[in-house]
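Report on the structure given below.
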Amino acid sequence: MKPQHQRRLRLHLRGLAAALALQALATLATLAAPAFAQTSASSVLAHPVSQGAPAHGQAYPDAPPDMRLERAVIVMRHGVRAATDTPKMNAASAQPWPDFEVKDGQLTPHGYQAVVLLGRWERDYFQRLGLLGTGGCEVAGDTFVWSSPASRTQGTAKALLEGMFPGCQVPVGHATVKTDTLFHGSELGLGTPDPAKARAAILQAMGGDPERARRKYAADVAAMAEVVGAPADCVVRRGANACGLYAKPWGVKDDMKAGLSGPVSVGASMSETIRMQYADGWPLERIAFGHVKGADDVVRLMGLRSAKYDLVNHTPYLARRGGSQLLSQVAMAVEARQDVQGGPPPARLTVFVAHDTNISQLRAMLGFDWKLGNYRDNDAVPGGTLLFERFVRDRDGKRFVRVSYLAQSLDQMRHLTPLGEGQMPLRAVYRPERGGPDWMTVDQFRERVGAVVDPQAIAPESYATVK
């Protein structure tokens with residue numbers, strides 16, 4: 001048997017085992033929560049809304065009434081990094097993009113320090129709720145950390161731990177690029193989308209026709225084009241309306257990797273690079289070629305990045321194919337189940353350090369909409385964190401789950417502002433049902449996850465780290 005066929009067979013068998021485990025979880029949920037199971041499907045999958053994020057100086061409730069925190073799972077995006085597509089951006093701009101102090105895609109020193117500050121706040125938060133004690137490094141022993149193989153995510157994990165457990169040696173595990181099915185499974189044969197279905201999903205998000213998307217985002221393209229211009233030689237030969245961001249028409253890629261062609265392909269990278277420049281503390285005259293005077297200007301130029309996520313990562317089909325593996329592992333960590341094989345080791349605090357794509361997929365699967373400060377809707381920002389908390393009510397032992405998204409503001413990252421009273425991170429809380437409480441029972445959480453996870457896109461994880 002050829003190696004590629006052997007690998008597909010292994011993934012198929014792993015997926016079958018995971019599907020059986022997921023089916024068992026769903027069955028248990030149905031038996032354990034009959035009232036919830038009788039809820040109509042449209043109600044179970046209703047589009048939840050987020051609780052408005054407080055201003056920086058305001059506190060938000062730490063815990064539901066009469067409950068205490070006994071377990072938490074963090075899924076966070078890496079911190080501020082250097083650009084990732086500099087050659088592509090240079091080819092579509094009038095002048096070269098300035099370099100960061102580190103290589104493309106690497107976590108910046110400033111970004112590292114911003115994550116340390118977030119880790120310090122999270123340590124204080126978890127101590128206040130009783131999840132973590134106030135002792136020395138022994139409190140770090142009940143923490144499990146797993147990172148994407150990328151150096152920027154590994155660096156982010158170390159920065160977070162430096163803030164949470166200074167001086168302690170908490171290991172950071174990770175797979176290799178070729179075996180990372182947790183964060184990049186769809187690129188390795190686990191949950192790989194069907195090209196025809198992916199194209200149909202993207203076209204549906206476009207309104208059925210790329211021309212509709214072109215009209216919808218025309219102002220965002222024009223705003224970015226005003227900032228970056230276009231290569232002079234192209235403008236001479238073809239005219240400004242056929243160069244730079246206007247060089248290729250809107251469309252859907254025909255290759256095996258679902259995505260967009262046209263201005264969003266490189267424009268989204270430009271948007272995120274400008275945000276990284278600002279959050280990294282650059283002088284204003286160097287950010288966006290001098291077109292940014294403050295955070296609001298950065299947000300104004302984030303339209304093409306929002307377009308990429310609205311049209312690709314947030315589509316239900318692609319989110320389920322790409323995010324089911326991670327969400328199923330998060331659910332196992334929340335419950336700390338030991339009767340299901342292939343999940344993370346039980347820990348009081350579990351940390352997954354991932355990418356914005358992973359965050360956006362989980363957001364779309366849960367139907368969790370948020371609006372933080374002046375960020376764009378549903379923005380997965382540098383260092384932004386999906387927080388899954390499991391509470392227990394002491395009077396009857398019942399357990400509940402709360403899901404929230406929290407992040408530093410752009411100016412908090414830019415100025416490396418210590419977080420605490422008067423400078424809280426932004427936060428939105430997931431409400432499973434409109435107008436309902438911002439928590440659900442563990443059985444309801446299990447049922448909700450089981451309803452959105454694609455059983456053909458999951459497999460047991462080994463968590464065998466590489467040195």
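The values are calculated or read from the model by the stated rules, or taken from the named source; none is laboratory data. This is a predicted model, so every value here is computed, not measured. Every residue, glycine among them, receives a Cβ derived from its backbone with ideal geometry; neighbour counts consider all protein chains shown. We work out accessible area using only protein heavy atoms, side chains counted, and drop any ligands, DNA or RNA first. Shrake-Rupley method; radii C 1.70, N 1.55, O 1.52, S 1.80 Å.
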From the list (1) 23.9; (2) 21.9; (3) 23.0, can you say which value of Kirkwood radius over Cα pairs in Å was derived from the structure given?
(3)
Which order, highest average first, do 373-379, 236-242, 453-459 follow once you tally other Cβ atoms within 10 Å for each residue and take the mean per peptide?
453-459, 373-379, 236-242
Relative packing of 169-178, 213-222, which averages over residues the other C-beta atoms within 10 Å, highest first
213-222, 169-178
Shape of region 238-386, Cα gyration tensor, a/c cut at 1.5
oblate
On a 0 to 90° scale, report how tilted helix 151-164 is relative to the longest principal axis of the chain, with both axes built from alpha carbons and the result rounded to the nearest 10.
50 degrees
Restricting to lysines and to Cα separations under 18 Å from residue 158, and discarding same-chain partners fewer than 8 apart, the set is 467
In this structure, among 88/178; 253/293; 178/216, pairs with alpha-carbon gaps over 29 Å are 253/293; 178/216
Of all DSSP beta bridges in the chain, antiparallel share, percent nearest 5
70 percent
Report, to the nearest 10°, how far helix 109-128 tilts away from the longest principal axis of the Cα atoms in the chain, using its own Cα long axis and a range of 0 to 90°.
20 degrees
Could you tell me the distance between the Cα centroids of region 228-268 and region 167-204, to the nearest Å?
27 Å
Per-residue counts of other Cβ atoms within 10 Å, averaged by peptide: what ranking do you get for 293-301, 308-316, 103-111, highest first?
308-316, 103-111, 293-301
Sorted by accessible surface (1.4 Å probe, heavy atoms of the protein chains only), largest first, 211, 138, 335 come out as 138, 211, 335
